[in-house]
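Asker: Below are the structure tokens for one structure; questions will follow.
The values are calculated or read from the model by the stated rules, or taken from the named source; none is laboratory data. No experiment lies behind these values; they were computed from the predicted model shown. Using ideal geometry, Cβ is built from the backbone for each residue, glycine included, and neighbour counts are taken over all protein chains shown. These area figures cover heavy atoms from the full protein model, side chains too; ligands, DNA and RNA do not enter into them. Shrake-Rupley method; radii C 1.70, N 1.55, O 1.52, S 1.80 Å.
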Amino acid sequence: MTSEARPAAGEPHRPLDVKIVTGLSGSGKSTALRLLEDLDYFCVDNLPTPLAPELVRLCSDREGVARLALGIDTREKGFLRDFEPALRALRAQGRAVEVLFLDAADDVLLRRFSETRRPHPLSPGGDVMTGIATERAAMAGVRALSDRVIDTSNLSVHDLRRRILDHLAATGGPRRRLALRLLSFGFKYGTPLDADIVLDARFLSNPYFVDVLRPLAGTDPAVMSFVTAGPDAAWFLDGIETATERLLPLYEHEGKAYVTVAVGCTGGRHRSVALVEALGARLARLSPEIRHRDVDRGAPRETP
């Protein structure tokens, strides 16, 4: 890195949102880091604590990195000794650092380790409860230095993601915008495995049985006019639009990163394509991604 990339002496550092995720083993730190990564944090897990100030400085000098999340815990052997000096050094630099400490009751941690069958990092001879007790005592000082303690004892993975999202929103942090995908498909080729909502458009009149429309795809204006004409199509599109607008905030609160609404017809070339195109125009303010999975499968073959 050249010297030109660094702030001149006396100049303030470029603002960098820094989160340190720590806590007890089995409390949900990996889930928290994955969520922060979804929110465009540059995430580094199991970082040797003395390297934290230097990594923060490097990220501050790097264009395109505005958020940094560090996963630090007892896997890093010098963690307890070096954590407080590293945190003090970061804050002395004027960094906006928030420490999130994840915790859970002993019996919950024991159950989680039993379910995953993973050894506790501090358990001698596989005695998980001894490992939990040892780690809890050792982490007491780190817990006291934390800005926010989250008890995950009664939280599912989705609950924890919502809790962190709510915390970030309340403290002026980033809010993830849920991505919407609109997908057309043909039932004869199978229902999409990644669809959250599947709708069947086979009740509408089929352009396939209209000679002039059969060779055309659902993106053609003539096919779109044929499919979307009439009260049944209008009612169908109205219902999808209303349901999508009402459901998206609920999915977002659940912690989902994207939602796929799939509309199917027999071959995925005419009706479903036309409806997805029409729905995309109605929901343009949400910037949906539009994809037609099977539109080319039923295309007429050229003759030599």
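Asker: Among the residues in the stretch 44-53, are any open to solvent by less than 70 Å² (accessible area, probe 1.4 Å), closer than 23 Å to residue 171 by Cα, under 23 Å from the mean Cα position of the chain (by Cα) and modelled with pLDDT of 85 or more?
Answerer: Checking the stretch 44-53: at least one residue is open to solvent by less than 70 Å² (accessible area, probe 1.4 Å), closer than 23 Å to residue 171 by Cα, under 23 Å from the mean Cα position of the chain (by Cα) and modelled with pLDDT of 85 or more.
Asker: Against the condition among the aromatic types (Phe, Trp, Tyr) and more than 28 Å from residue 15 (Cα to Cα), how does residue 113 come out, does it pass? It would help to see each step written out before you state the result.
Answerer: On the way: among the aromatic types (Phe, Trp, Tyr): yes; more than 28 Å from residue 15 (Cα to Cα): yes.
Spelling it out, residue 113 is indeed among the aromatic types (Phe, Trp, Tyr) and more than 28 Å from residue 15 (Cα to Cα).
Asker: Sort out which residues of the stretch 63-78 are under 18 Å from residue 15 (Cβ atoms) and either over 25 Å from the mean Cα position of the chain (by Cα) or touching a residue at least 12 places away in the same chain (Cβ under 8 Å) (or both), and write them in order of number.
Answerer: Selection gives 65, 66, 67, 68, 69, 70.
Asker: Ok, one more. Limited to the stretch 200-213, what total is found for residues that are outside any loop (DSSP other than H, G, I, E, B) and either on the phi > 0 side of the Ramachandran plot or touching a Leu at 6+ places or on another chain (Cβ under 6 Å) (or both)?
Answerer: Within the stretch 200-213, residues that are outside any loop (DSSP other than H, G, I, E, B) and either on the phi > 0 side of the Ramachandran plot or touching a Leu at 6+ places or on another chain (Cβ under 6 Å) (or both) number 1.
Asker: Sticking with this structure for a sec: Looking at (1) outside any helix (DSSP H, G or I); (2) open to solvent by less than 30 Å² (accessible area, probe 1.4 Å); (3) farther than 30 Å from residue 172 by Cβ, which one does residue 75 not meet, given that it meets all the others?
Answerer: Result: residue 75 fails condition (2) only.
Asker: Sticking with this structure for a sec: Which one of these is more than 26 Å from residue 32 (Cβ to Cβ), of a type in the set (Asp, Glu) and modelled with pLDDT under 90: 166, 127, 211? Before the answer, list the steps.
Answerer: On the way: 166 fails: more than 26 Å from residue 32 (Cβ to Cβ); 211 fails: modelled with pLDDT under 90.
Going through 166, 127, 211 in turn, the sole match is 127.
Asker: Give me the pairs, please: first residue somewhere in the stretch 217-232 and farther than 13 Å from residue 278 by Cβ, second residue anywhere and of a type in the set (D, E, K, R) and surrounded by 21 or more Cβ atoms within 10 Å (Cβ to Cβ), beta-carbon distance under 9 Å, and either six or more positions apart or on two chains.
Answerer: From residues that are farther than 13 Å from residue 278 by Cβ, the pairs are 217/269.
Asker: Could you give me the residue pairs with C-beta distances under 8 Å whose first residue belongs to the stretch 186-200 and is among the aromatic types (Phe, Trp, Tyr), whose second residue is open to solvent by 40 Å² or more (accessible area, probe 1.4 Å) and in a loop (DSSP other than H, G, I, E, B) wherever it lies, and which are 6+ apart or on separate chains?
Answerer: Qualifying pairs under 8 Å: 187/202; 187/266; 189/293; 189/297.
Asker: Being under 30 Å from residue 299 (Cβ atoms) and either of a type in the set (Asp, Glu) or open to solvent by 20 Å² or more (accessible area, probe 1.4 Å) (or both) is the filter here, so list the residues in the stretch 240-266 that pass it.
Answerer: Once the filter is applied, which keeps residues that are under 30 Å from residue 299 (Cβ atoms) and either of a type in the set (Asp, Glu) or open to solvent by 20 Å² or more (accessible area, probe 1.4 Å) (or both), the stretch 240-266 yields 241, 258, 266.
Matching residues to (1) modelled with pLDDT of 95 or more; (2) assigned to a helix (DSSP H, G or I); (3) within 30 Å of residue 162 (Cα to Cα):
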site: 215; (1), (2), (3): no, no, no
site: 227; (1), (2), (3): yes, yes, no
site: 247; (1), (2), (3): no, yes, yes
site: 250; (1), (2), (3): no, yes, yes
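Asker: Next question. What's the total number of residues in the stretch 125-184 that are of a type in the set (Lys, Arg) and farther than 23 Å from residue 67 by Cα?
Answerer: 2
Asker: Can you pull out the residues in the stretch 23-40 that are open to solvent by less than 10 Å² (accessible area, probe 1.4 Å) and part of a loop (DSSP other than H, G, I, E, B)?
Answerer: Residues satisfying the conditions are 24, 27, 39.
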